[in-house]
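Trainee: Structure incoming, see below.
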Amino acid sequence: MLTPHPGDRPAREVLGHGEAPGKVILLGEHSVVYGHPAIAAALSRGVRVSIESNDEGPTFRAPRWGVATVLADAPDVAPLGVALERVRRAVAPGLTRVAAVAEDRLPLGAGLGSSAALTVATARAFAAAAGTTLTAERLTQVCHLAEQVFHGNPSGVDQATVVHGGILRFQRPPGGTPDLRALKPPQPMTLVVALMRPHVGTKEAVEGLRARRERHKRTFEALLHELGALAQDGVALLEQADWAGLGERMDLAHGLLHALGVSSDDLDQLVRLGRNHGALGAKLTGAGIGGAVVMLTDGDLDHTRRLVLALRAHGAQAFSTEVV
Ligand code: MEV
């Protein structure tokens, strides 16, 4: 029997692309779920998705993450396949014989918004492939549908940051609609991000905290309220480029997040290492219990480079990024 020559197969056609950035939360993760304000920033690294024609039906693959799945809203399909199928049906229901292919420069499951970046980039790619455009509002709605698969009841801060980019003050009163404000520091803010291993999962971290809050209501209410107040302080400090003041709030926030039970030994070690190597502030970012830390530097290139090298020497993946 003759083996078909690869050239006999119809070439895969690329129908559209979409991109979206990752994010860090500077102040207010977890407390944002309970209606308090948070500050988040889009990263220069993100995810790019291409929609290719294929013969099989809707599929997804991300070679660097080692992930491949069919897209279907069915109980035996991986959560990622369910989430991205919700995106496809909402944006491009007519495109069925397609593969969504992701290339990323973001670690998966590190609290850096990889799932929000993936859903937003996929929605943009399907829209481009279908020849439509999505308003920021529609994009946020579509991605909320998908994020519910990963997070249960997300606050929406990740999607808002990934959709709008830049630096945001975000607050969603319980049961209400989110209030977003773009923040503009008078000079770029230099951050260092470091991580050792993926986190346990946002849904698990949020649900674990909720259960502990039931047992220690008074203490948790006070800690969550204080985390929100630190984020509120952070708005003015960021707008005045008061990096020392902002860094101090980040250090305090890490202590409170530790008390809430969402830090871990490796996150605490990275935070300590960062502070010993000149970070003005260092804290876990995102859901915690593994995942990434974010550090604020004074912006000096040499200081920032030395901090990144010290973190890498400790075995962490680390990179610096400027946010404006
Ligand atoms: C996750 O990036 C941020 C959390 O506050 C969850 C949420 O806001 O949905 C932990």
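Trainee: With the requirement that a residue be within 28 Å of K203 (Cα to Cα), open to solvent by 20 Å² or more (accessible area, probe 1.4 Å) and not hydrophobic (A, V, I, L, M, F, W, C), what does the range 242-262 give you?
Mentor: Selection gives R249, D251, G255, H258, G261.
Trainee: Something else now. Can you find a residue in the range 279-300 that is out of contact with any Gly (no Cβ under 8 Å at 6 or more places or on another chain), open to solvent by 10 Å² or more (accessible area, probe 1.4 Å) and free of Cβ contacts under 8 Å to residues at least 24 places away in the same chain?
Mentor: Looking through the range 279-300, at least one residue is out of contact with any Gly (no Cβ under 8 Å at 6 or more places or on another chain), open to solvent by 10 Å² or more (accessible area, probe 1.4 Å) and free of Cβ contacts under 8 Å to residues at least 24 places away in the same chain.
Trainee: Show the residue pairs that are 6+ apart or on different chains and have beta-carbon atoms under 6 Å apart, the first residue being within the range 139-161 and assigned by TED's automatic domain parsing to the domain that holds V91, the second being within 10 Å of the ligand (Cβ to nearest atom) and open to solvent by 20 Å² or more (accessible area, probe 1.4 Å).
Mentor: F150/S115; H151/T202; H151/K203; G152/K203; S155/V33; S155/R172; G156/R172
Trainee: Return the residue satisfying two criteria in turn: it lies in the range 153-171 and is under 17 Å from L118 (Cα atoms), within 13 Å of the ligand (Cβ to nearest atom) and not in a helix (DSSP H, G or I), and of such residues it is modelled with the lowest pLDDT.
Mentor: Residue satisfying both the conditions and the ranking: P154.
Trainee: Count, please, the residues in the range 193-207 that happen to be assigned to a helix (DSSP H, G or I), touching a residue at least 60 places away in the same chain (Cβ under 8 Å) and buried (at least 17 other Cβ atoms within 10 Å of the Cβ).
Mentor: Counting residues in the range 193-207 that are assigned to a helix (DSSP H, G or I), touching a residue at least 60 places away in the same chain (Cβ under 8 Å) and buried (at least 17 other Cβ atoms within 10 Å of the Cβ) gives 3.
Trainee: P174 passes all but one of (1) of a type outside the set (F, W, Y); (2) farther than 30 Å from F319 by Cα; (3) modelled with pLDDT of 95 or more; which number fails?
Mentor: Going through (1) of a type outside the set (F, W, Y); (2) farther than 30 Å from F319 by Cα; (3) modelled with pLDDT of 95 or more one by one, P174 breaks only (3).
Trainee: For the range 102-140, which positions are buried (at least 21 other Cβ atoms within 10 Å of the Cβ) and of a type in the set (V, I, T)?
Mentor: Selection gives T119, V120, T122, T140.
Trainee: Further question on the same structure: Since G255 meets every condition but one in (1) within 16 Å of the ligand (Cβ to nearest atom); (2) assigned to a helix (DSSP H, G or I), which condition does it not meet?
Mentor: (1)
Trainee: Scan the range 100-120 for residues that are assigned to a loop (DSSP other than H, G, I, E, B) and farther than 10 Å from G46 by Cα and report the count.
Mentor: Our first condition is that a residue be assigned to a loop (DSSP other than H, G, I, E, B); within the range 100-120, this holds for 105-113.
Imposing the further condition that a residue be farther than 10 Å from G46 by Cα reduces the set to 108-111.
Of the residues in that region, 4 qualify.
Trainee: If you scan the range 184-208, which residues turn out to be closer than 28 Å to G290 by Cβ and touching a strand residue (DSSP E or B) at 6+ places or on another chain (Cβ under 6 Å)?
Mentor: Once the filter is applied, which keeps residues that are closer than 28 Å to G290 by Cβ and touching a strand residue (DSSP E or B) at 6+ places or on another chain (Cβ under 6 Å), the range 184-208 yields M189, T190, L191, V192, V193, A194, L195.
Trainee: Another question about this same structure. Determine whether the range 183-190 contains at least one residue that is away from the ligand (no atom under 14 Å from the Cβ), within 23 Å of N153 (Cβ to Cβ) and either open to solvent by less than 80 Å² (accessible area, probe 1.4 Å) or of a type in the set (D, E, K, R) (or both). I'd like the intermediate steps shown before the answer.
Mentor: Keep residues of the range 183-190 that are away from the ligand (no atom under 14 Å from the Cβ), which gives 183-190.
So of that shortlist, the ones also within 23 Å of N153 (Cβ to Cβ) come out as none.
No; the residues of the range 183-190 include none that is away from the ligand (no atom under 14 Å from the Cβ), within 23 Å of N153 (Cβ to Cβ) and either open to solvent by less than 80 Å² (accessible area, probe 1.4 Å) or of a type in the set (D, E, K, R) (or both).
Trainee: Checking R218 against (1) open to solvent by 70 Å² or more (accessible area, probe 1.4 Å); (2) under 22 Å from the mean Cα position of the chain (by Cα), which test does it fail?
Mentor: (2)
Trainee: Restricting to the range 125-152, give me the number of residues that are among the small types (G, A, S) and either touching a Lys or Arg at 6+ places or on another chain (Cβ under 7 Å) or within 13 Å of the ligand (Cβ to nearest atom) (or both).
Mentor: 2
The values are calculated or read from the model by the stated rules, or taken from the named source; none is laboratory data. Fair warning: this is a prediction, and the values are worked out from it, not measured in the lab. When we count neighbours, we look across all protein chains shown, and the Cβ atoms used for this are built from the backbone with ideal geometry, even at glycine. Each accessible area value is taken on the protein alone, full model and side chains, heavy atoms only, with ligands, DNA and RNA left out. Shrake-Rupley method; radii C 1.70, N 1.55, O 1.52, S 1.80 Å.
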